[in-house]
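The values are calculated or read from the model by the stated rules, or taken from the named source; none is laboratory data. None of the values given here were measured: they were computed from a predicted structure. In this analysis, Cβ positions are derived from the backbone assuming ideal geometry, glycine residues included, and neighbour counts consider all displayed protein chains. The area values use the complete protein model at the heavy-atom level, side chains included, leaving out ligands, DNA and RNA. Shrake-Rupley method; radii C 1.70, N 1.55, O 1.52, S 1.80 Å.
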Amino acid sequence: SILPPCCLLTCTIPASTFLLLTLLCVYCARRKRFVLSAVIGGLAALTDRVGIALVIPLLLEYFNTMTGEYRSLKEVTWRFYLKKGLTGASLILVPLGYIVYLIINRTVSGSFFAYVEYIKALFNSEFALFYRVGGVMTERLIDAYRTYNAPSLFGLYIPSLISVIGSLGLGLLVVKDMRVSFLAYFLTAYVMILSQTGVIDAPRQLFCCFPVILGMVKLTKDRTIGLLVSLLCILGLILYLGMYVAGWPVV
């Protein structure tokens, strides 16, 4: 609640809806309600393209559950395979949600990938390997510093680099304690989020990647470190909110 980008969840952007759907999707999967989880995952993929990555943790949780049930049965019947097959087939609803999003693009603008053209035209963004994004952000940070462009420097590029490096560090920190399905989702979502050279909303998108929040929670196990991190987050939240109210670009 005190992470700096959380103030953006009150804006009229799909971030809060996507975070809610993601958490509901994973919760239902952990409760072994895979059909409902697939429906919610499809809505998440319709809300944000990163939602399609949810199909990976759902598959891992599904196969883990199915294997456990298979080993516990004394006799495996065709009904078991039919039930589990239909349940597994429902997971196709997640990529179907993204397909619906592409169809909406085609209906509105005449192109399935209109959003790609949009971000390229407005932000000079192109798809590339994720590690290139850090280099592009560093170059723009240096340019903003040379031109004394404080709003872009403190509102965009410094928070972006902190989120890119910090979220990866948090993911590595909790790798031993995190479920395999959560880790798979984090790695996939991280690469997808940082697949555009002109991405400027990395703090918001990475904040909506729930394994990053789990990494922050792990830091609070040590009271001293937890207190320090909490104070830094509160300070960052105040600064971030101040820049937002001042009209600085803090997407």
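Data overview
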| read-out | value |
| --- | --- |
| GLU61 vs. criteria open to solvent by 30 Å² or more (accessible area, probe 1.4 Å) and either assigned to a helix (DSSP H, G or I) or of a type in the set (Asp, Glu) (or both) | no |
| Within region 227-245, tally of residues that are touching a residue at least 40 places away in the same chain (Cβ under 8 Å), in contact with a helix residue (DSSP H, G or I) (Cβ under 8 Å, 6 or more places away or on another chain) and aliphatic (A, V, I, L, M) | 4 |
| Criterion: under 23 Å from ILE213 (Cβ atoms) and exposed (fewer than 14 other Cβ atoms within 10 Å of the Cβ) - qualifying residue of ILE158, ILE165 | ILE165 |
| Sole residue being closer than 30 Å to VAL136 by Cβ, of a type in the set (A, V, I, L, M, F, W, C), open to solvent by less than 80 Å² (accessible area, probe 1.4 Å) and in a helix (DSSP H, G or I), chosen from VAL100, VAL116, VAL108 | VAL116 |
| From the options VAL55, VAL35, residue that is among the β-branched types (Val, Ile, Thr), in a helix (DSSP H, G or I), in contact (Cβ under 8 Å) with a residue 40 or more places away in the chain and surrounded by 19 or more Cβ atoms within 10 Å (Cβ to Cβ) | VAL55 |
| Any chance VAL175 is assigned to a loop (DSSP other than H, G, I, E, B) and of a type in the set (A, V, I, L, M, F, W, C) | yes |
| Tally of residues being surrounded by fewer than 23 Cβ atoms within 10 Å (Cβ to Cβ), modelled with pLDDT of 85 or more and not aliphatic (A, V, I, L, M) across region 191-212 | 1 |
| Condition met for LEU86 (open to solvent by 70 Å² or more (accessible area, probe 1.4 Å), under 20 Å from VAL212 (Cα atoms), out of contact with any helix residue (DSSP H, G or I) (no Cβ under 7 Å at 6 or more places or on another chain) and hydrophobic (A, V, I, L, M, F, W, C)) | no |
